[in-house]
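Novice: I am attaching a structure below and will ask some questions about it afterwards.
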Amino acid sequence: MRLNRKDILGIEDLSVEELETILSTAESFKEVSTREIKKVPTLRGKTIINLFYEASTRTRTSFEIAAKRMSADAVNISVSTSSVVKGETLKDTAKNLEAMKPDCIVIRHSSSGAPHGIAGYVGCSVINAGDGNHEHPSQALLDMLTVREHKKSLAGLKLAIIGDVKHSRVARSNIYGFTKLGASVVVCGPATMLPPGIEALGCKATVNVEDALRDADVVMMLRIQLERSKGADFPNAREYSRLYGLDDVKLRKAKKDVLILHPGPMNRGVEISAEVADGPYSLILDQVTNGVAVRMALFYLLLGTSREDAPKAI
Ligand code: CP
């Protein structure tokens with residue numbers, strides 16, 4: 001089974017059928033990570049390059065683990081020790097990496113559209129691991145998978161995305177994904193963190209956190225992205241936390257069986273209290289576990305050739 005596309009650049013581009021295929025495939029791959037020998041031979045002989053121009057713990061590591069669990073060779077390029085620091089352009093970097101015949105380049109970049117640019121320069125597959133404020137498709141897929149495991153279907157659910165929406169590629173990808181699968185999405189934050197026109201993506205927007213939380217089935221808290229906002233979007237962390245930080249008191253507005261997500265890394269005590277982050281409704285570490293399965297599924301659906309080598313459920 002393969003997706004009929006070369007690249008995964010954003011959730012906006014994916015059809016409902018493609019989303020369902022990726023999520024079902026990821027569900028099947030979860031079992032591989034529970035085996036004593038966590039490896040299938042599916043992508044033996046394939047080469048995957050992780051090219052990260054921005055810091056990452058979860059995404060970079062899980063793409064590497066996913067590649068290795070599929071028996072692919074994974075190469076991590078640290079931009080700080082690459083020829084990028086000598087001034088090499090993104091295009092030259094991509095063309096030189098392509099000359100070494102990889103099957104897939106996974107790229108994270110601070111500029112929105114950088115993965116799309118690379119995808120146009122190279123013949124191998126490209127996966128967007130987060131581009132600027134634009135999209136983070138594999139994060140949204142793991143978020144959808146995590147909710148689907150608990151709620152069976154996303155149709156009819158209310159998702160509240162709260163925090164620094166303006167700088168959040170996670171928010172954009174999840175708005176596209178959850179609405180395509182039938183959920184309603186409301187984004188919430190201070191007016192300075194809600195980009196004008198965000199409703200055009202298919203969500204509602206509010207500055208009132210109680211309205212956002214009321215009857216929510218799923219609450220996704222977003223990190224304050226100080227590296228992008230440079231502290232200009234809110235007076236101070238204490239005031240932000242009082243108004244928009246999720247704690248046990250605010251959480252009472254949501255449904256009793258609410259699910260709490262956060263893409264990480266968290267600013268504990270700012271956008272989310274430790275009690276909520278570590279509490280009974282939190283699925284934050286489940287999201288990380290599911291990130292490996294989703295990235296295995298993406299590699300399989302873009303690069304896989306042999307049905308016999310896939311896990312039994314595929
Ligand atoms: N969720 C996420 O993208 O985390 P990292 O920045 O650690 O990859």
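Novice: Say whether the condition of being open to solvent by 50 Å² or more (accessible area, probe 1.4 Å), in contact (Cβ under 8 Å) with a residue 60 or more places away in the chain and either within 25 Å of SER111 (Cβ to Cβ) or within 16 Å of the ligand (Cβ to nearest atom) (or both) is met by at least one residue in segment 28-45.
Specialist: No, segment 28-45 contains no residue that is open to solvent by 50 Å² or more (accessible area, probe 1.4 Å), in contact (Cβ under 8 Å) with a residue 60 or more places away in the chain and either within 25 Å of SER111 (Cβ to Cβ) or within 16 Å of the ligand (Cβ to nearest atom) (or both).
Novice: Would you confirm whether any residue within segment 57-73 is open to solvent by 40 Å² or more (accessible area, probe 1.4 Å) and assigned to a loop (DSSP other than H, G, I, E, B)?
Specialist: Yes, segment 57-73 contains a residue that is open to solvent by 40 Å² or more (accessible area, probe 1.4 Å) and assigned to a loop (DSSP other than H, G, I, E, B).
Novice: Shifting gears a bit: When the residues of segment 244-256 are narrowed to those that are among the charged types (D, E, K, R) and in contact (Cβ under 8 Å) with a residue 24 or more places away in the chain, which ends up farthest from SER273 (Cα to Cα)?
Specialist: Checking each candidate, the answer is LYS255.
Novice: Continuing with this model, one more query. Output the residues belonging to segment 155-202 that are crowded, with 23+ Cβ neighbours inside 10 Å, of a type outside the set (S, T, N, Q) and not in a helix (DSSP H, G or I).
Specialist: Scanning segment 155-202 gives LEU159, ALA160, ILE161, ILE162, GLY163, ASP164, ALA183, VAL185, VAL187, CYS188, GLY189.
Novice: For segment 232-289, what are the residues that are of a type outside the set (D, E, K, R), within 16 Å of the ligand (Cβ to nearest atom), surrounded by 14 or more Cβ atoms within 10 Å (Cβ to Cβ) and not in a helix (DSSP H, G or I)?
Specialist: Across segment 232-289, the qualifying residues are ILE260, LEU261, HIS262, PRO263, GLY264, MET266, ASN267, ILE272, SER282, LEU283.
Novice: List every residue pair whose Cβ atoms lie under 7 Å apart, where the two residues are 6 or more positions apart in sequence or sit on different chains, the first residue falls within segment 52-79 and is within 15 Å of GLY130 (Cβ to Cβ) and free of Cβ contacts under 8 Å to residues at least 60 places away in the same chain, and the second residue, located anywhere, is open to solvent by less than 20 Å² (accessible area, probe 1.4 Å) and within 9 Å of the ligand (Cβ to nearest atom).
Specialist: If the second residue must be open to solvent by less than 20 Å² (accessible area, probe 1.4 Å) and within 9 Å of the ligand (Cβ to nearest atom), the pairs left are VAL79/PHE52.
The values are calculated or read from the model by the stated rules, or taken from the named source; none is laboratory data. These numbers were taken from a predicted model, which means no experiment stands behind them. Note that each Cβ is placed from the backbone with ideal geometry, even for glycine, and that neighbours are counted across all protein chains shown. The accessibility values were calculated without ligands, DNA or RNA, using every heavy atom of the protein model including side chains. Shrake-Rupley method; radii C 1.70, N 1.55, O 1.52, S 1.80 Å.
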